[in-house]
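See structure below.
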Amino acid sequence: MSRTHDLPRRALPILAGVLCALVFADYLYTAWTWLTWNKRSGFAQDAWMQYALSIREGSSVAVGNDHPLYPAVLSLWVSRAPAAFTLSKLFSFLVGAVTLAAQFRIGRELFGTRAALIACALLSVNWIFLYLSMSIRAEVLLPLFFLMTWYAVQRGFEGKGAWWLAGGVWAGLTYLTKGTGTLLAIAWACGLAVPLLGKGDRRGAGKSPWFLAGFIPLAAILWWANQRMFGDPFYNFSIRHAMWLDSWWDLPKHSLDQLSFSGYVASHGWSGVLARLGGGIARFIPVVLSCLSPAKEFPFAYLLRWPLFLLALAALWTSRKRISGPLRRLEGGAWFTVALFALFFLLFAWYHQVSPSERFVGPLNPIVFLLLGAAGARLGEKVMRRLEKLRDGAGYAAAGAAGVGLILLASIALKAAEWGIGNPFRADEPPECYRKAYEWVAGRSEPVLYGPSGDLPIWSLRTHPVFHSVPERPAPESLAAWLDGRGIRAAVVDWDMASLPFLRGHFENVPERGVRMTRPLPGWRLVLADAWHDPPHLLILERR
């Protein structure tokens, strides 16, 4: 074969590298833009900033449900200035980039370069991974921590027990971040037990102290704190109580003593347990699949999401013997992976009825895409062998890769032309109307109606009165009487608050994030209407 005819074959690795560089650049640019757009620090992000400030100021540490590691990291730079919010988002951005780099390094070692590139491409366009790369919540750390634990445990099953020391440390860090870290330790124990009980293989048992030596010292920090606070080292509100709710909004109707597994069986019966689990599985499967989807901001990948799904199924089918072989041989690493996926799926299928949030699925995505990348690489090898039998088959493959690269380049260029390059530090400066609202509420002493709103955070206020947020339920017969009954004598109302049914009788939200009073509130007067926007973005009222 001449050097000219061999050129497409030699160009394929270069084209693959260029494609992956374009995919990674697209991820970085899109995540940076999303980070800039995420300028509303209220809602769930507000709580993590408050936790971090509490640690920095030495007043409290989050335990009981939200675990302390993530806010402890934020506390290294947190302040009440808007830049602290920006720095916290940049940390998420950095963690996302490090996760991609770690996935590539691990994938190349375990499955080869081609599999690693496929896995990174899939993860970089994944919408839940993109979301975690620009937001402030503890789940930001979990994809990296789960990936590193999984890798270290796999290496420990294959070789030296010292790898399990690293696995235990990563699992311990995960547990200090979220309660789901417990699943890693349980899955490791399952992977240990299967070869021991199934074929009498005691090699894993002899190495098990390594994992425990890494996990227990870190987990013991939280166990000690829980024992001091709640009298139970393993206490977690969501696992102990919230899991046994029918709906999160039912929480006020029950005492905590009623919210337990035995209480659930007593009130619903075993048939109710099975019905909820079965229904949860049926509803959770579409959530899991949707969380593997590319984001709409990657239009080429999003357009091909269903063909990609079919390709993934084909890749898994061609790799079925490689998948089933380690399971039949009762290999601990394979059963650790199965146990981890099964525990994760069953837990959140049950919990889905209480809190149907996609962010719970994100931690496993780097591992899922790594395994899909390995299967995809094997499928690609089979396709390439067939193409090589065709005349100019390598040329067709090179031309296809070049075409995909041009489409990706055009996509990035079009997004850049529309979005530009934002400055998150400038974007996170609050509008003047909200600055006035912060100053106004900071000087109050009586309770204030304030939030929930993405633009009305609490973390940035050095001093503030007691806040009451608008309930998510139908409007009361008399809003004025409801406010009086709680001693509320001042209110800040913005677009988010006006969208809630509770305030519909007196306020409504209008386009351009505006708010309008539709009916006067008896006994109350308007103190300030946002003068910087038309329609105003917020109204401030107080009791006469």
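Laboratory data are not the source of any read-out in this text; all were calculated from the coordinates shown. The shown structure was predicted, so the numbers you read here are calculated from the model rather than taken from an experiment. Backbone-built Cβ (ideal geometry, glycine too); neighbour counts: all protein chains shown.
Using the basic label-point model (7 angstrom from Cα toward the beta carbon), what is the A83 to I285 distance in nanometres?
5.2 nm
Could you work out the relative contact order of region 447-534, using alpha carbon pairs under 8 angstrom and six or more residues apart, expressed as a whole percent? Present the calculation step by step, with values, prior to reporting the outcome.
On the way: 116 pairs, mean separation 24.5, N = 88.
In percent, rounded to a whole number, it is 28.
Given the DSSP H assignment, sum -39500 (n - 2.57) over each helix run of at least 4 residues in the chain and divide by its residue total; what's the result at 222 nm in deg cm²/dmol, nearest 500?
Numbers: 22 runs with 338 residues, N = 544.
The per-residue figure over the chain is -20500 deg cm²/dmol.
Put +1 on the Cβ of every Lys and Arg and -1 on every Asp and Glu Cβ in the chain; which of S60, S499, L528 then has its Cα farthest towards the positive end of the dipole?
S60
Under a Cβ-only charge scheme (Lys and Arg +1, Asp and Glu -1), can you give me the dipole magnitude of the chain about the Cα centre, in debye to the nearest 20?
Numbers: 54 positive and 36 negative charges, 390 e Å.
Charge dipole, the chain, about its Cα centre: 1880 debye, nearest 20.
In Å, what is the Rg of the alpha-carbon atoms in region 446-514, and how long is Dmax?
Cα only, region 446-514: 12.1, 35 Å (Rg, Dmax).
Return the percentage of antiparallel bridges among DSSP beta bridges fully within the chain, rounded to the nearest 5 %. Before the final figure, lay out the partial values.
On the way: 15 of 20 bridges.
So the antiparallel bridges amount to about 75 percent of the total.
Angle between the Cα long axis of helix 44-56 and the longest principal axis of the chain, 0 to 90 degrees, nearest 10?
Computed tilt is about 80 degrees.
Under the Karplus relation 6.51 cos²θ - 1.76 cosθ + 1.60, θ = phi - 60°, what is the ordered set of whole-Hz ³J(HN,Hα) values for region 433-447, x standing for Gly and Pro?
Values, residue by residue: 5, 6, 4, 4, 5, 4, 5, 5, 6, 5, x, 8, 10, 7, x Hz.
Go from 0 up to the bin containing the longest alpha carbon distance in region 205-300, width 5 Å each, and give me the % of pairs per bin.
With a bin width of 5 Å, the distribution comes to 2, 10, 12, 12, 13, 12, 15, 14, 6, 3, 0.
Quote the relative contact order of the chain in percent (integer), defining contacts as alpha-carbon pairs under 8 Å separated by 6+ residues. The partial results should precede the final answer.
On the way: 792 pairs, mean separation 101.8, N = 544.
In percent, rounded to a whole number, it is 19.
As a quick test, which of the pairs K207/K321; K89/K178; K39/K415; K39/K253; K207/K382 have an alpha carbon distance above 27 angstrom in this structure?
Result: K207/K321; K39/K253; K207/K382 exceed 27 Å.
How big is the antiparallel share of DSSP beta bridges in region 430-543, given as a percent to the nearest 5? All intermediate terms of the calculation are to be shown ahead of the outcome.
Working: 14 of 19 bridges.
Here the antiparallel bridges make up roughly 75 percent for region 430-543.
Which of (1) 26.3; (2) 29.5; (3) 23.8 is the computed Kirkwood radius over Cα pairs in Å for the structure on display?
The calculated read-out lines up with (1).
What does the charge dipole of region 430-543 about its Cα centre add up to, to the nearest 20 debye, if the Cβ of each Lys and Arg holds +1 and the Cβ of each Asp and Glu holds -1?
Numbers: 13 positive and 14 negative charges, 59 e Å.
Dipole size: approximately 280 debye.
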